[in-house]
Amino acid sequence: MLLRASMSRIVSFTVPDWLPLDSLQDGSLALTVVALAAIFLFGRLLWHPSVPSVTVQLMPDEASDVASDGATPPALFEDSHVVCRDPSTGQFLGVEHAASPDEVAACVARGHTAQREWAKSSFAQRRRLLRILSRCTLEHAEDICRVSARDSGKTTTDAAFGEVLVTLEKLSWICAEGERWLRPEARSAGRMLFYKRARVEWHPRGVVGAIVPWNYPFHNVLNPVSAAVFTGNAIVIKVSEHAAWSSRFYGRMIKECLAVAGAPADLVQLVTGYGDTGAALTRQVSLMTFVGSTKVGKLVMAEAAKTLTPVVLELGGKDPFVLLPGTRVDAIVDTAARAGWGAGGQNCIGAERFFVHSSLVETFVERLSGIARSMRQGPPLNAAGNTGIDIGALCLPGEAARIEALVEDARKHFATIVTGGAPVKPDGGEGGQFFPPTLVLIPNPASNPKVGSMRLLHEEVFGPLITVIPFDTEEQLLQLTNGCSFALGSSVFGPSDAEVLRVGRQIDAGMLACNDFATCYMCQSLPMGGLKDSGFGKFAGIEGLRGLCVAKAVVEDMASFMRTQLPPPLRYPLSHVAFPFTRGLMQFFYGHSLLTKLGGALALARCALFPSSVRPKQA
């Protein structure tokens, strides 16, 4: 008997046929148990401790859909300023101060003072701060999405998913499980130290730093903030010069939440600027987390090497999205569209290479191209409620031309441009930076070896471009997926869960979503990070929390009367029995036979009780 429960068609579960519900009074007992469990889980979801509300007002220019006067900024700005523009209209938003190296040093110094105070806080106090941040985020979700859309060009719906929803999940997970993974962890003391207790303690590093990108300006700030403050650290974040305008609002939010929670005002500090700002921060913090391009990540690593500052690097990606034979195309095509075109393709774990079995290519391309042609593009705040815009603008100047060059290179390698392929100027966005949802179908590499040199197969696009790559065999698939220098995330779809997992495990990637997309990041208990040119280290999950700590090894006596006393044969000056005694220790504790262990015990006794009977070994 099958029982199916659903909630708004989002989550469903099935009770399998082998469960003997019919024998339990038509399943009434089982239904009661399921109902009680559901009530319990739903009750836990609804319960939340009392948290104070924080009100943060939008400034007039932040609340407006358009620039107040559309004015062009004066051309007097030097390296000490950052000029901010709306990428969807080109309108001038304002000017932010670029922090100098001396100002960064002052921020870090203030952070040290704040951190020394905050390090004494309890986990309960830290949870309270995160809950205040969470409530503030939820209550200001619309404002956050509006400001983010204005600064990065994404739609407010994309902002709701990528900026707010994931941030709320991160805060929720840390509050629920963070303390558990930061408590002292008991370890075995080993054979010789059987009378000791061993453990690992997780201590704050001090002031940590983060250099974050522009694609998700709110989440990229709150993500490192939440983990840093919960682990007892202070943090200084260098926000991208391409998303500096919105950081004013986020900074005010954080400051208000710190004040309400009774936390030091300088526990979290935001700065913006250029390369010298990031370099100065890297040299002075106890850990640097960098999220961005591989090219800049190498520069950060080189700067960190000067002071031996540990780094976590989450760099470029070119994630594979695999459709194995037998995959139901109609069931996953909407997921595929969001994986490649969501947030305008400006997504660290967005899918770029779509490996589709040859038997599915025609159907997949037909369905996906239909979605692309139906998508509406334009300035995200020009349509009330964002109901009229599906895809916004590219954030960085010059990106449309760069992506178009990649498309032209693909065309020269016999690729078919199914949709898009060139910059557009939608109504209201004549001054903006737009590239349409683009679908490129390349020839099967097995029949056209020249395809292998196509730039689209190797260079990160970071835009709304889906490349469909046919394959025939599993061997060919793995050669293609792993023949790329990037290895961040991956998604594999197929009719058999076992086959999906088996194939997915062979793909070079730091993350694998089975029959789904991006779930590894939504599951905040998991680490985020890749390998190869996608970087190293983890900044999310249990590993991310612990990475923000110093792992201190501690060994202590089980009881005060069980102190270590150095045996006489090992005291200075050493006698002729020092080595035989040490050899006896090794034989007794680590011998691989009973005879060897007994021999070691006899040697120890002889050296300790009858040292004169032990003859020194002749040289």
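Each value in this text was obtained by applying a stated rule to the coordinates, not by laboratory testing. Keep in mind the model is a prediction, meaning the values are calculated, not measured. We place every Cβ from the backbone using ideal geometry, glycine too, and count neighbours over all the protein chains shown.
Full-extension gain between HIS112 and SER358, please, as 0.36 nm times their residue separation minus the C-alpha to C-alpha distance.
Full-extension gain reported as 82.7 nm.
For LYS298 and ARG563, FRET efficiency with R0 = 60 Å and r from the beta-carbon atoms, rounded to 0.05?
Rounded to the nearest 0.05, the efficiency is 0.75.
Taking the mean number of other Cβ atoms within 10 Å as a proxy for protection, how do you rank 182-188, 442-448 from highest to lowest?
Details: 182-188: 13.1, 442-448: 15.4.
With the highest mean Cβ count within 10 Å placed first, the list reads 442-448, 182-188.
What's the ranking of 197-205, 267-275 by average number of surrounding C-beta atoms within 10 Å, highest first?
Details: 197-205: 16.3, 267-275: 22.4.
In decreasing order of mean packing, 197-205, 267-275 become 267-275, 197-205.
To the nearest 0.05, what FRET efficiency results for LEU165 and HIS576 with a Förster distance of 60 Å applied to their C-beta separation?
Plugging the Cβ-Cβ distance into 1/(1 + (r/R0)^6) gives 0.25.
Using only Cα positions of the range 171-316, each an equal point scatterer, no hydration layer, compute I(q)/I(0) via Debye at q = 0.10, 0.17, 0.18 Å⁻¹ and quote the log10 values to two decimals.
Each listed q corresponds, in turn, to -0.41, -0.98, -1.06.
Any idea what angle helix 361-374 forms with the longest principal axis of the chain, computed on alpha-carbon atoms, 0 to 90 degrees, nearest 10?
Once rounded, one gets 60 degrees.
Rounded to the nearest 10 degrees, what's the angle between the helix 219-230 long axis and the longest principal axis of the chain, both from Cα atoms, 0 to 90?
Compared with the principal axis, the helix lies near 20 degrees.
Compare the peptides 165-171, 563-569, 350-356 by average per-residue count of other Cβ atoms within 10 angstrom and give them in order, highest first.
Top of the packing list down: 350-356, 165-171, 563-569.
If you line up the long axis of helix 294-305 against the longest principal axis of the chain, both from Cα atoms, how many degrees apart are they, to the nearest 10?
40
Could you put PHE610, PHE321, PHE536, PHE561 in order, starting from the residue whose Cβ has the fewest other Cβ atoms within 10 Å?
Going from sparsest to densest Cβ surroundings: PHE561, PHE610, PHE536, PHE321.
With unit charges on the beta carbon (Lys/Arg positive, Asp/Glu negative), name the residue among PHE414, ILE389, PRO224 whose Cα is farthest towards the positive pole of the charge dipole of the chain.
PRO224
Could you let me know the centre-to-centre spacing of the range 394-411 and the range 149-215, using Cα atoms, in angstrom?
A separation of 36 Å, based on Cα centres.
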